[in-house]
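Laboratory data are not the source of any read-out in this text; all were calculated from the coordinates shown. Given the structure is predicted, the values throughout are model-derived calculations rather than measurements. Cβ sites come from the backbone with ideal geometry, for glycine too, and all protein chains shown count toward neighbours.
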Amino acid sequence: MKPHFSLRTALGRAKGLGSAKQGTAHFIQQRVTAIALLILGLWLIWALLSVGGLTPLEIKAWFRSPVALVGMMLTVFVTLFHSYLGLQVVIEDYVAAPLWKNTLLLGVKFLSVGLGVLAFCALIKVGMSGL
Amino acid sequence: MSSFQRPLSPHLQVYKPQISSVLSILHRLTGLFLALGGYVLVIWLSLLAFDTEGFVTLSSFFGTLGGHLILGAWTAAFFYHFCNGVRHLFWDMGLGYGLATMTKSGWSVVALTVILTTAVWVCVFIRWGF
């Protein structure tokens with residue numbers, strides 16, 4: 001017979017102990033980006049082999065093709081997102097102290113977004129130069 | 001009432017390393033290393049766009065022996081994380097949890113990593129020499 005009182009303590013409820021009741025979105029996002037990276041990652045290896053040894057000017061010219069430009073943008077953004085999700089889990093696993101944990105989480109988030117914007121600007125500049 | 005530091009039961013000191021546990025932590029470690037690689041990729045692209053001199057400096061570093069070793073490590077980390085990632089995706093579909101299957105798929109991941117990393121770097125050396 002189900003008890004008509006809660007088995008949770010008041011302190012436990014106040015501290016938010018127990019199941020987080022959320023995390024499915026994170027799980028799915030990690031898998032979706034992983035699947036995308038199955039393709040993008042292999043493409044990146046091929047792309048880097050293609051431009052290795054070229055002069056900077058030749059590399060910039062290589063990026064002017066739409067496939068190269070869009071491919072590299074997608075690769076960078078999806079990689080930054082996938083790595084952010086992974087780092088989030090690692091930090092939550094190993095860092096217990098709330099101040100450190102939350103600072104690191106915020107830091108990695110800002111780093112990922114910042115580098116994403118940087119990469120976008122860099123690729124637009126390279127890909128669109130000499131329009 | 002303060003709690004004193006209670007002793008923990010030993011794990012790393014006593015548990016024998018196995019294909020399951022070693023590959024699991026390796027997936028995490030390669031992931032971390034690849035995250036770093038991703039950041040360097042962004043820096044490399046940014047130098048290409050905004051600082052040609054810096055770009056040449058970074059590119060020539062990767063041309064050195066040390067640079068090649070780092071790139072080789074990233075290649076291996078990538079293929080390991082890739083293959084073990086596929087193994088994870090099968091688990092997510094509910095497949096391959098049996099002990100025998102897990103062991104076989106695990107060793108396959110290790111073998112594939114070696115094969116693919118070697119293949120890429122053979123191509124590198126054929127194309128550009130040492």
For the stretch B:45-118, what ratio Rg/Rh do Cα atoms give with a Kirkwood hydrodynamic radius? 1.23
Say we join alpha carbon atoms closer than 10 Å with springs in a Gaussian network model of chain A; which of A:LEU85, A:LEU40, A:LEU17 then has the biggest fluctuation? A:LEU17
For the protein assembly as shown, using Cα atoms only, the Rg and Dmax in Å read 22.4, 76
Given C-alpha coordinates of the stretch A:1-89, what is the ratio Rg to Rh with the Kirkwood estimate of Rh? 1.36
Tell me the label-point distance for the pair B:MET102, B:GLN13, using the 7 Å Cα-to-Cβ offset, in nm and rounded to one decimal. 2.6
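From the C-alpha gyration tensor of the stretch B:91-130, pull out the three semi-axes of the equivalent ellipsoid (sqrt of 5λ each), sorted largest to smallest, in whole Å. Kindly include the intermediate steps, with their values, before the conclusion.
On the way: eigenvalues 220, 18, 3 Å².
Square roots of five times the eigenvalues give 33, 10, 4 Å.
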Can you compute the helix-only [θ] at 222 nm over chain B? Use -39500 (n - 2.57) per DSSP H run of at least 4 residues, normalise by all residues, nearest 500 deg cm²/dmol. -28000 deg cm²/dmol
Estimated [θ] at 222 nm from DSSP helical runs (n ≥ 4, -39500 (n - 2.57)) normalised by residues in chain A, nearest 500: -26500 deg cm²/dmol
Return the whole-Å distance between the Cα centroid of the stretch B:1-75 and the Cα centroid of the stretch A:12-40. 23
Output row, site A:ALA20, 7 Å Cα→C-beta label point, backbone N cut-off 18 Å, window the stretch A:80-98, residues A:81-98
State log₁₀ I(q)/I(0) for the stretch B:2-130 at q = 0.10, 0.11, 0.20 Å⁻¹ as given by the Debye formula over alpha-carbon point scatterers of equal weight, solvent excluded. -0.50, -0.58, -1.17
Derived scalar couplings ³J(HN,Hα) [the stretch A:66-72; Karplus, 6.51 cos²θ - 1.76 cosθ + 1.60; whole Hz; x for Gly, Pro]: x, 5, 5, 5, 5, x, 5
